[in-house]
Amino acid sequence: MRDVASKRDLDDRPAVIERVVTLTVNGRPYTLRLDTRVTLLDALRDRLGLVGTKKGCDQGACGACTVHVDGRRVLSCLTLAAQAEGRSVTTIEGLSAGDDADEPHAVQRAFMEHDGFQCGFCTPGQIMSAVALMAEGRAGTDADIREFMSGNLCRCGAYPNIVAAIREAASGRAGGGGDAYL
């Protein structure tokens, strides 16, 4: 029995396999040469410079990395970049109200109005999840909001304000219609 790997064992490691991946992120196409093991989160942050999507736990437990793929929320730390090829990815940077990229989305406005953040680290993932749960029709009651936001953790404890912000945005009172979430 050996305790230490020999040089030959180290040389037998699998080679890095790269491929060209074309991603459509926030409406713009990007062509990247990536290791096939690169997560969507790392491609967004490290290769495209879209650092609004946060790396929290890197295990799919905190929700900080939530983005939309084809309008559905996904944890980008558990999704390979290659899996998003040919699909539409939306990050917090691509979320806006209509045609005006500088105008905040109704959920973003509601988070600001209700102080739905403290340190702000989890806020992009919270907002992306909130937009998706509203589009899914799951913001009917405060209990529904809590249930369907339970995958997003806030270490500061801003939960009551987050629920209030989502409730207001879902009702359409956050300065933008409550019907168009995505």
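The values are calculated or read from the model by the stated rules, or taken from the named source; none is laboratory data. Quantities reported herein were computed from a predicted structural model and do not represent experimental measurements. Note that each Cβ is placed from the backbone with ideal geometry, even for glycine, and that neighbours are counted across all protein chains shown. Side chains are part of the model used for accessible areas, which takes the heavy atoms of the whole protein and leaves out ligands, DNA and RNA. Shrake-Rupley method; radii C 1.70, N 1.55, O 1.52, S 1.80 Å.
When the criteria are applied in full, Gly60 fails the requirement of being in contact (Cβ under 8 Å) with a residue 24 or more places away in the chain and in a loop (DSSP other than H, G, I, E, B). Give the residue that is surrounded by the most Cβ atoms within 10 Å (Cβ to Cβ), with candidates limited to residues of the stretch 117-134 that are in contact with a His (Cβ under 9 Å, 6 or more places away or on another chain) and closer than 12 Å to Gly71 by Cα. Looking at residues that are in contact with a His (Cβ under 9 Å, 6 or more places away or on another chain) and closer than 12 Å to Gly71 by Cα, I get Met128. In the stretch 152-165, the residues that are closer than 14 Å to Met112 by Cα reach residues that are polar (S, T, N, Q) and modelled with pLDDT of 95 or more with C-beta atoms within less than 7 angstrom, at least six apart or across chains, in these pairs: Ile162/Gln126.
When the stretch 25-57 is filtered for residues that are among the hydrophobic types (A, V, I, L, M, F, W, C) and assigned to a loop (DSSP other than H, G, I, E, B), the ones remaining, listed by number, are Val38, Leu48, Leu50, Val51, Cys57.
Could you say whether any residue in the stretch 64-83 is in a loop (DSSP other than H, G, I, E, B) and more than 19 Å from Ala132 (Cα to Cα)? Looking for residues that are in a loop (DSSP other than H, G, I, E, B) and more than 19 Å from Ala132 (Cα to Cα), one finds none in the stretch 64-83, hence no. Looking across Arg33, Arg45, one residue alone is over 16 Å from the mean Cα position of the chain (by Cα), of a type in the set (Lys, Arg) and open to solvent by 60 Å² or more (accessible area, probe 1.4 Å). It is Arg33. When the stretch 73-126 is limited to residues that are among the hydroxyl-bearing types (Ser, Thr, Tyr) and out of contact with any Ser or Thr (no Cβ under 8 Å at 6 or more places or on another chain), the one that is nearest to Gly63 (Cα to Cα) turns out to be Thr123.
Of the residues making up the stretch 138-152, those that are among the charged types (D, E, K, R) and outside any helix (DSSP H, G or I) number 1.
A quick yes/no check of all residues on (1) touching a strand residue (DSSP E or B) at 6+ places or on another chain (Cβ under 6 Å); (2) under 30 Å from Ser150 (Cβ atoms); (3) at pLDDT 95 or above:
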position	(1), (2), (3)
Val4	no, no, no
Arg8	no, no, no
Asp11	no, no, no
Val16	yes, no, no
Leu40	no, yes, yes
Arg47	yes, no, yes
Cys65	yes, yes, yes
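I need the full set of residues from the stretch 150-170 which are surrounded by fewer than 22 Cβ atoms within 10 Å (Cβ to Cβ) and within 23 Å of Arg72 (Cβ to Cβ), in order please. Answer for the stretch 150-170, where residues must be surrounded by fewer than 22 Cβ atoms within 10 Å (Cβ to Cβ) and within 23 Å of Arg72 (Cβ to Cβ): Ser150, Gly151, Leu153, Val163, Arg167. Checked across the stretch 86-104, the condition of being touching a His at 6+ places or on another chain (Cβ under 9 Å), closer than 30 Å to Val16 by Cα, open to solvent by 20 Å² or more (accessible area, probe 1.4 Å) and at pLDDT 95 or above holds for at least one residue.
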